[in-house]
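The values are calculated or read from the model by the stated rules, or taken from the named source; none is laboratory data. Keep in mind that this is a model prediction, so the values were computed, not measured. Backbone-built Cβ (ideal geometry, glycine too); neighbour counts: all protein chains shown. The area values use the complete protein model at the heavy-atom level, side chains included, leaving out ligands, DNA and RNA. Shrake-Rupley method; radii C 1.70, N 1.55, O 1.52, S 1.80 Å.
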Amino acid sequence: MDRPRTRQELYEQIRRTSRQEFILDEMIRLGFWPAAGVMPHDPADEIRRETEIRREIAEVHQQNRHLYNEEALKREMRKRRIEESRRKQLENKQRRELARQQRAAAWNEKKQKEIGFLGETVSGGLNQTECNQGRLEKFSLPRFTTPEEIAKGMNLSVPRLRFLAFDRKTSRVSHYVRFQIPKKTGGVRIISAPKPYLKAAQEWVLQTILERVPVHPAAHGFLAGHSIVTNAQPHLKADLILNVDLKDFFPSVHYQRVKGLFKSLGYSEAAATVFGLLCTERDTQEVELDGERYFVGLSERRLPQGAPTSPAITNLLCRKLDARLHKLAMKHGFAYTRYADDLTFSASGPNTRNLCNVLKGLAAIVTHEGFTINPSKTRVLRKGDQQEVTGIIVNEKLNLAREVLKKFRAILFQIEKDGPEGKRWGTSPDVIGSVVGFANYVRMVNPEKGAQFQAQVRRIIEKYGWKRVRMTPAKPAEIAFDPAPTMILTSAPPPPEPEEKPPVAPQAPPSSADGKSKKWWKMF
């Protein structure tokens, strides 16, 4: 046994053994007592045995006090239970975390391949993938039954398609650039131009589906081979012309009607839902909260004015409207055409007496088809009036208003004489671009006068030069004149009509002298 070096170690050693055993060990160490086992009946053995027995008795007393201490037992039991509970909680937490990670991985994998939710009120039919094969074959349309097939056809990932089609009342992103253009009759028109990804998807829908479905022959707007000229020709030299405008034409077509159109073509509920969401949007208001920008929906989803799909969708939705109005017109001896939201009826001779019957039937049919007539733009033009159809005079031959041509001839004279600086035609700062476009427009309506204007514009460009400027809604373009002309007009036929493209910012000429409002924005 090591000799204690401090008083504390001495006390600790006495407590571990006993006072007598310690004294005995010290006496043996100092030589006052023989070592253990030397003397027979050595009293030291008794002392050690007594010490051992006392130690055992003390341990028994300690265990006895512990066993009969109920509070201590409870504390011990509670401690063991807490430790066991914590161990199980940790195991359960680890097991739940592992299960969560597995579910998240499975869900992420599923989201990469499937679309099961696109918004609170529009996702009910995403699991219905049965299509009407007969209808699809009737219109020679490709078969798409699921959102995944649509994404593959568009060459998009499923998450990208979900991002473009997802419907939220409040969002941090907007797929449209919105800007205003002035109306000829006052007020402003809101244009929603889709951003590149959504625009590409909408153009795919337009080319792959919408353009393959035939429309009624009375429709002339936004169709290849048709224009405001073809829309005006059936009414040439008529005794009476009735012009009717549909109020809020694009905004009045809601998501459910667009979805129903795709279902009527034969597409499944799931595919029609995706197509309907891609082609519609909510009116939104941009707000800022806590430094974050949000787009808050103000209306139900409806056709945006500015999307490439909107004109084709309205033409298809108006097939029944056109058929009924055409039948009404034929019944009363009238001719009927429609260019977007402009309805035109014309008649000659005794058939003009049926105007009241046409107006009554027209109002009933338009209301039944879900549209509204704008009474302030309903006009009846007789033989003695300047008869106009979508901006074209049709009294004797297709022409433009004399006052407009006179003003255009004057501005060309001024530009050719003094240069383009400080001159303006319409709302665009690019005066050369404006007169180029309007000369082409005149050529389309009146080839003889248009050719004269084009020749004069060519002389202007050769003299002063012109660099074409691409206009953007967000930032006005700066016009630069180049001594070397970058575009020369020729006597070749004019380019395809702009009405085959989505509406863009107008380049309207000045108002006519007669004060009548003309929708020039539809001509460019």
Between the alpha carbon centres of the range 19-34 and the range 146-171 the gap in Å comes to 95
Rounded to the nearest whole number, the Stokes-Einstein translational diffusion coefficient of the range 112-162 at 10 °C and 1.306 mPa s (Kirkwood radius, C-alpha pairs) in µm²/s is 132
For Glu9 the rounded accessible area (nearest 10 Å², probe 1.4 Å, non-protein molecules ignored) is 70
Under a 1.4 Å probe, counting only protein heavy atoms, Trp107 has an accessible area in Å², nearest 10, of 130
For His235, His61, the accessible-area ranking with a 1.4 Å probe, largest leading, is His61, His235
Taking a crude spin-label model, label points 7 Å out from Cα along the C-beta direction, the Leu73 to Ile53 distance in nm is 3.0
In the structure shown, of Lys237/Lys331; Lys417/Lys449; Lys169/Lys320; Lys138/Lys169, the pairs separated by more than 27 angstrom at the C-alpha atoms are Lys169/Lys320; Lys138/Lys169
note: the range 317-366, Cα-Cα separations exceeding 14 Å make up a percent value of 44
One would report the Cα pair-distance distribution of the range 153-226, bin width 5 Å, in %, as 3, 11, 15, 17, 17, 17, 13, 5, 1
Over its alpha-carbon atoms, the range 95-240 yields an Rg and a Dmax in Å of 21.8, 85
D (µm²/s, integer) via Stokes-Einstein for the range 199-274, Kirkwood Rh across alpha-carbon pairs, 4 °C, 1.567 mPa s: value 85
Each label sits 7 Å from Cα toward the beta-carbon; between Arg293 and Lys138 the label points are separated, in nm, by 4.6
Per residue, accessible area of the range 49-130 with a 1.4 Å probe, heavy atoms of protein chains only, in Å², comes to 90
For the range 262-376 (alpha-carbon point model, no solvent) the Debye-based log₁₀ I(q)/I(0) at q = 0.12, 0.14, 0.18, 0.20 Å⁻¹ works out to -0.62, -0.76, -1.00, -1.12
Counting only protein heavy atoms with a 1.4 Å probe and every protein chain in place, the carbon and sulfur fraction of the accessible surface of the range 179-232 in whole percent equals 56
For the range 306-464, the Cα-Cα pair-distance distribution in 10 Å bins from 0, as whole percents, is 9, 29, 25, 22, 12, 3
Log entry: pair-distance distribution for the range 60-151, C-alpha pairs binned every 5 Å from zero, whole % per bin is 3, 10, 9, 10, 9, 8, 6, 6, 5, 5, 5, 5, 4, 4, 3, 3, 2, 1, 1, 0
Largest-first ranking of Ile28, Ile181, Ile23 by accessible area, probe 1.4 Å, whole protein assembly kept, is Ile23, Ile28, Ile181
Working note, the range 381-466: Cα radius of gyration (Å, one decimal) and Dmax (Å, whole number) are 14.0, 45
At 10 °C and 1.306 mPa s, the Stokes-Einstein diffusion coefficient in µm²/s for the range 238-285, with hydrodynamic radius from the Kirkwood sum on alpha carbon pairs, is 124
The extension gain from His368 to Met27, computed as 0.36 nm times the residue separation minus the Cα-Cα distance, is 110.4 nm
Beyond 16 Å, the calculated P(r) of the range 336-425 holds a percent of Cα-Cα pairs equal to 68
Full extension between Thr6 and Gln180 adds, at 0.36 nm per residue less the Cα distance, a length in nm of 53.0 nm
